[in-house]
Amino acid sequence: MTAPASTTATGLTPKRLYRFLAIAEAVTWTALILAMVAKYGFENDALLPIAGGTHGFVFLSYAAMQLVVGHNQRWRLGTVALGVLTAVIPYATIPWERRLVRTGALDGDWRTEPTGEPGDDRWIDRAFRWGITHPILLGAIALALVAIVFAALLTAGPPTEWFD
């Protein structure tokens, strides 16, 4: 059986974090689509760098969150990967999040203590539990990693130019 789970000092549960980023991903899709309409329909590309950059950053944050919540909930790799793929399809993060809620895949709190599962003694699980018990530091580390990947992708330029 599992040990009682605890909520972080922030009160942010896996379900709340997931819902927040699923909605943020959909909102940034809307901004990106509107910016593309402005560019291609009205020849105004002023909004595209802002909407595109914001959407890209939220996409990477959503993907990072998939890894954290998926690890906490002990999802299979396929479930985590499918969750990341939902961010590629406009607005798919919302029905995916609703499905996870309906099936109970987001139930429970953060695993801050070993639960007796065989994998709980691995270094990654100990590091994960440490991070969850230090949410501000974990958030700062996750934000820094997302920012590094984001900056690297901005430096690389559009994917259409990667192999020219």
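The values are calculated or read from the model by the stated rules, or taken from the named source; none is laboratory data. Because the structure is a prediction, the values reported are computed rather than measured. Every residue, glycine as well, gets a Cβ built from its backbone with ideal geometry; the counts of neighbours run over all protein chains shown. Areas reflect the complete protein model, heavy atoms only, side chains present, ligands, DNA and RNA absent. Shrake-Rupley method; radii C 1.70, N 1.55, O 1.52, S 1.80 Å.
Tabulated results
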| item | result |
| --- | --- |
| Residue 110 long-range amide H proximity, modeled H, under 5 Å | 6, 8 |
| 1.4 Å probe accessible area per residue over the chain, in Å² | 61 |
| Nearest 10 degrees, 0 to 90: helix 14-42 Cα axis against the chain principal axis | 10 |
| Solvent-accessible surface ranking, highest first, for 40, 18 at 1.4 angstrom | 40, 18 |
| Linear extension gain, residue 33 paired with residue 136, 0.36 nm per residue minus alpha-carbon span | 33.8 nm |
| Spacing of the two label points (7 Å from each Cα toward its C-beta) at residue 99 and residue 113, in nm | 3.5 |
| Using θ = phi - 60° and Karplus 6.51 cos²θ - 1.76 cosθ + 1.60, couplings along region 93-104 (whole Hz; Gly, Pro as x) | 5, 5, x, 5, 4, 4, 5, 4, 5, 4, 8, x |
| Cα-based shape type of the chain, given that a ≥ b ≥ c are square roots of the gyration tensor eigenvalues and the cut on a/c is 1.5 | prolate |
| Anisotropy class of region 55-98 from Cα gyration tensor, a/c 1.5 cut | oblate |
| Calculated FRET efficiency for the pair residue 154/residue 42, C-beta based, R₀ 30 Å, to 0.05 | 0.75 |
| Value of relative contact order over the chain, rounded to a whole percent, pairs C-alpha under 8 Å and six or more apart | 33 |
| Ranked order, 129, 76, 16, 99 - accessible area, probe 1.4 Å, largest first | 76, 16, 99, 129 |
| Residues residue 121 and residue 67, FRET efficiency given R0 of 22 Å [Cβ-Cβ distance, rounded to 0.05] | 0.65 |
| Order of exposure, largest accessible area first, which applies to 74, 111, 102 with probe 1.4 Å | 102, 74, 111 |
| Most mobile of 140, 24, 35 in a GNM of the chain (Cα contacts under 10 Å) | 140 |
| Accessible area of the chain belonging to carbon and sulfur atoms, whole % at 1.4 Å probe | 70 |
| Residue 23 accessible area, assembled protein chains, probe 1.4 Å, Å² | 80 |
